[in-house]
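Asker: Sharing a structure below in structure tokens format, with a few things to ask.
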Amino acid sequence: MKRMANQSVKKKQTETDTKAKTKMKTGANAQTDRNAKKKNSAGTAHSATDGFARHRNYSILFLLIVVFGYLIFFRNSLSESVYIEPGEDSILINSYTEDEITVSYADITRITLTDEVDFGTLVEGSDDRRVRSGVWENEEWGEYYLFALKKVESDYLILETEEKVIVFNYESAEVTQTFYTSFQEYLEGLDLQEIEYVSYLE
């Protein structure tokens, strides 16, 4: 009987130890799972932060590309222009190539709007993909000043004085025609010598 009692006590002790070990193991596994979840949560938060930072950087880069692309395009667009600056008593005509000439209104004897010009040959100035500018020479006028945009294939203004001829256009055929009309009206309001006006549209 005593031996059986001892065996029963030992059996209960073994079961108790087994339950304790199982509980400890379960608790350890639960702690491991909690740690893993915290780590995953931290990793997810870190990943989200990195994703936001990358997105922000890409957005800034895209903005810079757009801005610089616009500036380059805008600069090139301006550089294709012939510039006309009418003043109170004279007009300045130049181009992005820095060729320029100033003509006094009092010296102008004739202004012509034409749809074709024999450019002749370049003497000094520029002849690139955008403009023809500087001093040119043809059979009709000899040496003359030219400021013509190549993208405008028709309509030119010809200013003539006793000593020189200046040929130019401005932005488009329509704008060149409008400038001719407005310039004529302005000059007719000044106290100048008589100027002859000739237009192929009349």
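Asker: Just name the residue that is nearest to residue 172 (Cα to Cα) out of those in the range 99-118 that are open to solvent by 30 Å² or more (accessible area, probe 1.4 Å) and free of Cβ contacts under 8 Å to residues at least 60 places away in the same chain. I'd like the intermediate steps shown before the answer.
Answerer: Of the range 99-118, the ones open to solvent by 30 Å² or more (accessible area, probe 1.4 Å) are 99-100, 102, 104, 106-107, 109-110, 115-116, 118.
This time we only want the ones that are free of Cβ contacts under 8 Å to residues at least 60 places away in the same chain, so: 99-100, 102, 104, 107, 116, 118.
Numbers: 99: 20, 100: 20, 102: 22, 104: 24, 107: 26, 116: 14, 118: 19 Å.
Across the range 99-118, the extreme among qualifying residues is 116.
Asker: Hey, another quick one. Looking at (1) at pLDDT below 90; (2) touching a Ser or Thr at 6+ places or on another chain (Cβ under 6 Å); (3) hydroxyl-bearing (Ser, Thr, Tyr), which one does residue 154 not meet, given that it meets all the others?
Answerer: With respect to (1) at pLDDT below 90; (2) touching a Ser or Thr at 6+ places or on another chain (Cβ under 6 Å); (3) hydroxyl-bearing (Ser, Thr, Tyr), residue 154 is out only on (2).
Asker: Can you tell me how many residues within the range 124-151 are assigned to a strand (DSSP E or B), open to solvent by less than 70 Å² (accessible area, probe 1.4 Å) and closer than 18 Å to residue 94 by Cβ? Walk me through it before giving the result.
Answerer: Initially, the range 124-151 is screened for residues assigned to a strand (DSSP E or B), giving 124-127, 131-138, 142-149.
From the residues that got through so far, the ones that are open to solvent by less than 70 Å² (accessible area, probe 1.4 Å) too are 125-126, 131-136, 138, 142, 144, 146-149.
If we keep only those that are closer than 18 Å to residue 94 by Cβ too, we end up with 125-126, 131-136, 144, 146-149.
The qualifying residues number 13.
Asker: In the range 152-167, which residue that is in a strand (DSSP E or B) and more than 35 Å from the chain's Cα centre (by Cα) is surrounded by the most Cβ atoms within 10 Å (Cβ to Cβ)? Please lay out each step first, then the result.
Answerer: Here is the first cut: in the range 152-167, the residues in a strand (DSSP E or B) are 156-160, 165-167.
Still in the running and more than 35 Å from the chain's Cα centre (by Cα): 160, 165.
Details: 160: 21, 165: 19.
In this case the residue turns out to be 160.
Asker: If residue 123 satisfies every condition in (1) at pLDDT 95 or above; (2) within 23 Å of residue 197 (Cα to Cα); (3) out of contact with any Leu (no Cβ under 9 Å at 6 or more places or on another chain) but one, which is the exception?
Answerer: Against the list (1) at pLDDT 95 or above; (2) within 23 Å of residue 197 (Cα to Cα); (3) out of contact with any Leu (no Cβ under 9 Å at 6 or more places or on another chain), residue 123 comes up short only on (2).
Asker: Continuing with this model, one more query. Can you report the number of residues in the range 90-119 which are on the phi < 0 side of the Ramachandran plot and in a loop (DSSP other than H, G, I, E, B)?
Answerer: Going through the range 90-119, the residues on the phi < 0 side of the Ramachandran plot turn out to be 90-97, 99-119.
So of that shortlist, the ones also in a loop (DSSP other than H, G, I, E, B) come out as 96-97, 99, 108-109, 115-119.
Counting residues in the range 90-119 that are on the phi < 0 side of the Ramachandran plot and in a loop (DSSP other than H, G, I, E, B) gives 10.
The values are calculated or read from the model by the stated rules, or taken from the named source; none is laboratory data. Since the model is a prediction, treat every value here as computed from it, not as a measurement. For neighbour counting, all protein chains shown are included, and Cβ atoms are generated from backbone atoms with ideal geometry for every residue, glycine included. We work out accessible area using only protein heavy atoms, side chains counted, and drop any ligands, DNA or RNA first. Shrake-Rupley method; radii C 1.70, N 1.55, O 1.52, S 1.80 Å.
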